[in-house]
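The values are calculated or read from the model by the stated rules, or taken from the named source; none is laboratory data. Being a predicted model, the structure only gives us computed values, none of them experimental. Positions of Cβ are backbone-derived with ideal geometry, glycine not excepted, and every protein chain shown enters the neighbour counts. These area figures cover heavy atoms from the full protein model, side chains too; ligands, DNA and RNA do not enter into them. Shrake-Rupley method; radii C 1.70, N 1.55, O 1.52, S 1.80 Å.
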Amino acid sequence: MRTTLYYFTGTGNSLACARAIAQGLGEADLVPIAALRGQARVGVPTERIGIACPVYFYSLPLLVREFIPRLELSGVKYAFLVATMGGLPGLAVEHGEDLFRKAGGELHAGFAVRMFANYIAEYNVRGARSVQAMQKRMERRAAEIVRIVQAGRRHLEKGGPLDRLLGRAMFRLVGQKFLREARTRDRLFTVDPSCVHCGTCAYVCPVENIRMVDKSPQWLGHCEQCLACIHFCPVAAIQIRGKQTRMRGRYHHPDVRPDDIAGQRLAPGPS
Ligand SMILES: Cc1cc2nc3c(=O)[nH]c(=O)nc-3n(C[C@H](O)[C@H](O)[C@H](O)COP(=O)(O)O)c2cc1C
Ligand code: SF4
Ligand code: SF4
């Protein structure tokens, strides 16, 4: 069965995971969600569909939350969600289920895949050795996901009762507010004098939320909070809330390049 695998990524984890799953499934087409932002309805050309994206604020990114209900699911027989995250998936899979229901379909499988945590607004990124460990773990998980999807099994990783309680509490206490304000949180981004005016930040932004003015980035207030601009800046010149992130590392998945992130703006041609 051919699969359409829609993806969204800021620092490449979800794309790397989607690629591994697509390779394992064999016949699978990767389609960037960002390229379909302008479409009111999205026709799904295959009977099997997957979504791969990061967990944001114990839920799913706004872009993805707005995308799933626009899917034409009448011809879809099996749907799965792969949410990559730093360790606390919260309600991501549960919200995925709700969104598929809203679209008139059903989510058959939902996976929370632990990868490298990239939210440097709150913590530092970890060292290179843990990237290797993450990569191995992701490959194992991708193989497991492929087996479950190929068998057409129901499998929803929503965690145990305690995880759900914690997920619900965190989403209500923190996540909901952050998610609601996500688009305009780019007002907290600042640029250091170390900026070399290369334009990489504007180039990678998957939703064209950066305009270069006098060779410096200016954010436009429709941000997805993917942090691609921050992590791909070659001199780490972009900070969140001024100094807060200056001493923190930058990260992107080792197999994912700026062209891959920028490429999300383009819909793939017919295969
Ligand atoms: C805005 C934002 C919010 C995040 N919230 C969570 C979260 O609630 N739980 C979690 O485990 N990781 C969280 N993360 C970490 C990402 O989910 C994780 O690093 C993911 O693999 C990044 O995927 P990407 O490389 O495809 O963008 C967050 C990251 C960002 C940028
Ligand atoms: S990527 Fe960094 S150095 Fe390049 S223009 Fe943007 S802020 Fe400046
Ligand atoms: S402005 Fe930066 S954080 Fe916001 S969507 Fe664009 S690349 Fe992502």
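The accessible surface of the stretch 3-166, taken with every protein chain in place and a 1.4 Å probe, is 50 percent carbon and sulfur. Of the whole protein surface, residue 214 contributes about 140 Å² of accessible area at a 1.4 Å probe radius.
Students often check this: by mean Cβ neighbours within 10 Å, which of 224-235, 247-258 ranks highest, and how do the rest follow? The partial results should precede the final answer.
Numbers: 224-235: 22.7, 247-258: 17.0.
Highest mean packing first, the order is 224-235, 247-258.
Per residue, the accessible area of the stretch 3-166 comes to 42 Å², computed with a 1.4 Å probe over protein heavy atoms only.
Based on the Cβ-Cβ distance of residue 147 and residue 187, what FRET efficiency does E = 1/(1 + (r/R0)^6) give at R0 = 25 Å, to the nearest 0.05? With a Förster radius of 25 Å, E is 0.05.
So in the chain, what percent of DSSP beta bridges are antiparallel if you round to the nearest 5? The partial results should precede the final answer.
Numbers: 8 of 35 bridges.
Restricted to the chain, the bridges split so that about 25 percent are antiparallel.
Isolated cysteines in the chain, defined as those with no second cysteine Cβ under 4.7 Å, comprise 17, 53, 195, 198, 205, 223, 226, 233. Straightening the chain between residue 208 and residue 267 buys 19.8 nm, computed as 0.36 nm per residue apart minus the Cα-Cα spacing. Counting Lys and Arg as +1 and Asp and Glu as -1 over every other residue whose Cβ lies under 12 Å from the Cβ of residue 192, the net charge comes to +2. The simple Förster model, with R0 at 51 Å and r as the Cβ-Cβ distance, assigns residue 195 and residue 70 a FRET efficiency of 0.85.
Which FRET efficiency value, to the nearest 0.05, is calculated for residue 235 and residue 35 with the Förster distance at 30 angstrom and r the Cβ-Cβ distance? Kindly include the intermediate steps, with their values, before the conclusion.
Details: r = 29 Å, r/R0 = 0.96.
Once rounded, the FRET efficiency stands at 0.55.
With the biggest extent put first, the Cα atoms of the chain measure 54, 44, 34 Å across the principal axes. Calculated on the alpha-carbon coordinates, the convex hull of the stretch 145-195 measures out at 187 cubic angstrom per residue.
For a quick protection proxy, order the peptides 113-119, 103-109 by their average other-Cβ count within 10 Å, most packed first.
Numbers: 113-119: 22.0, 103-109: 19.4.
In descending order of packing, they fall as 113-119, 103-109.
Take the Cα of residue 243, go 7 Å toward its beta carbon, and none of the backbone nitrogen atoms of the stretch 213-229 fall under 17 Å from that spot.
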